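Notes to accompany the following structure.
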Amino acid sequence: MPEHEAGGSLATPAHEVRDFLRRRREQIAQRWADEPLFRTVFTASRDEAVEAGKAVVDALARVADAQQVEDPDAAGFSAVREQLARMGAARSRAGLSNTQVSSELAALWPPAENLLVAESDQASPEELRAWSTTLSVLLGTLRLVAMQTALSETQSLIDRQRLQLLEVATPVIKLWDGIVAVPLIGTLDSARSQVVMETLLNAVVDQHARFAILDITGVPTVDSLVAQHLMKTVAAARLMGAECVVSGIRPAIAQTMVHLGLDLGTVKTRASLADALGHCLHELGTNIVNAAPDGAGRR
Amino acid sequence: MHTAAGVEARLPIRSDMDLVWVRQHVRQAAAQLGFGLVDQTKLVTAASELARNTLVHGGGGLMEATHVRAGGAEGLRLSFSDSGPGIPDLERALSDGYTSGGGLGMGLGGSRRLVHDFEVESTPGSGTTVRVTSWATRPPRQRGAV
Ligand SMILES: Nc1ncnc2c1ncn2[C@@H]1O[C@H](COP(=O)(O)OP(=O)(O)O)[C@@H](O)[C@H]1O
Ligand SMILES: [Mg+2]
């Protein structure tokens, strides 16, 4: 294998692998094009899959050239990062778990390894072992790069979804003439609280609400910041002429609030949304009576 | 980041988003160690306060979660550290209602009441570490009164 090395100087295994990748670029890409990872992502034509494979082989050769086979941050990978991200995303969309994508990446090694062994019949067992190890380390690093890219894609997807949630997850429900309710769900951080407050105040104005119910059944943690936001919202609503009732404080949260030293001051609280509605209706002078199934009043 | 047990972790505290991971990790780790719902909620709430202090007052840092055992009890130790300005007057910072910013000033003192064990190490100018420990069933005997 090493006869092309000019001057016959001893090349490092990384450089041997680099030369192998350059020499067998076409064949490796051809074989990878038949692997699920390439075949199912580049469906327009086989050529497209082969081209994508060549780009990956070129990147690997650059990384080997820089002697960085173990370094996922190697500059050589940068040319294929985006491509790897797209491939990973396509496989996830097809329903594969990260583990499954990872094994599809692992499946790129055997075809390359077979080519390496096939052309190295002149090499000593030690040489072959060194090259083969280097190639497998290099492909392992590629796998790591691909998984990292996939994870950061997932993270940015989560961040985007979170922004969307911020906008949609604060419905204000009209429960009765003059009574609106906001069921709060999830984390009530500063950004979210701001949205909640604005939405609620708008609803108070638009619907001429006298009462606003903030239901926190869906808020997992009530710490001092959440309590502070609730109190600010209540104070602002009060200025607009609406009284707020906070409902849905679960027993574990109530105990925790007591230990933390939080009390909601003059804010009215009720155990459930139904209790809160009952309170508001009563204050509005509306009486609800239970009716028996036959329509007659109950004793 | 997680050990096989899923209890021990080192989580960065650099953004509001990280606070979500901190709370989620503490809840799940506490549940795994057998904390009841109320004890989970207390520890998660304390973690939320302390992690926010790390972020807001300490300029960001790290939470480390460790599994501890003593006298047959399973516990969770959480350490929040930053290299921020430090706390010049610890007693004042721990008192209810004291805030140097626009907070409620209930975080530090309140979280001390939510856990079994609470320690602050702070050097003005070089940072703060708050270490808290809570036990799944009841505190191990040598810890004394409830
Ligand atoms: N990690 C920290 N680094 C520096 N100062 C801190 C830190 N944690 C708390 N403090 C100080 O202690 C005060 C009280 O903290 P806390 O009770 O949580 O109230 P709050 O966060 O609402 O101000 C803070 O206002 C701040 O001055
Ligand atoms: Mg605080």
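Quick notes
- Candidates A:Gln194, A:Gln255 - the one that is away from ligand 2 (no atom under 16 Å from the Cβ), polar (S, T, N, Q) and within 30 Å of B:His116 (Cα to Cα): A:Gln255
- A:Ala237 vs. criteria more than 14 Å from chain B (Cβ to nearest Cβ) and either closer than 21 Å to B:Asp39 by Cβ or surrounded by 18 or more Cβ atoms within 10 Å (Cβ to Cβ) (or both): yes
- Residues in the range B:75-94 that are touching a residue at least 12 places away in the same chain (Cβ under 8 Å), farther than 17 Å from B:Gly58 by Cβ and either open to solvent by 50 Å² or more (accessible area, probe 1.4 Å) or near ligand 1 (Cβ under 8 Å from one of its atoms) (or both): 1 in all.
- Evaluation of B:Met17 against (1) away from ligand 1 (no atom under 15 Å from the Cβ); (2) open to solvent by 50 Å² or more (accessible area, probe 1.4 Å) (one fails), failing number: (2)
- Condition broken by A:Val219, with the remaining ones in (1) open to solvent by 10 Å² or more (accessible area, probe 1.4 Å); (2) more than 16 Å from ligand 2 (Cβ to nearest atom); (3) at pLDDT below 95 satisfied: (1)
- Filtered residues of the range B:29-70 (kept if open to solvent by 30 Å² or more (accessible area, probe 1.4 Å), touching a Gly at 6+ places or on another chain (Cβ under 8 Å), within 12 Å of chain A (Cβ to nearest Cβ) and not basic (Lys, Arg)): B:Asn53, B:Leu55, B:Val56
- In the range B:95-119, residue surrounded by the most Cβ atoms within 10 Å (Cβ to Cβ) [restricted to those that are more than 10 Å from every other protein chain (Cβ to nearest Cβ) and more than 14 Å from the chain's Cα centre (by Cα)]: B:Tyr98
- Helices (runs of 4 or more DSSP H) contained entirely in the range A:47-119, each with at least 1 residues that are within 29 Å of the chain's Cα centre (by Cα) and under 12 Å from A:Leu139 (Cα atoms): A:98-106, A:109-119
The values are calculated or read from the model by the stated rules, or taken from the named source; none is laboratory data. Keep in mind the model is a prediction, meaning the values are calculated, not measured. Cβ: placed from backbone, ideal geometry, glycine included. Neighbour counts: every protein chain shown. Just the protein is used for accessible areas: all its heavy atoms, side chains included, with ligands, DNA and RNA removed. Shrake-Rupley method; radii C 1.70, N 1.55, O 1.52, S 1.80 Å.
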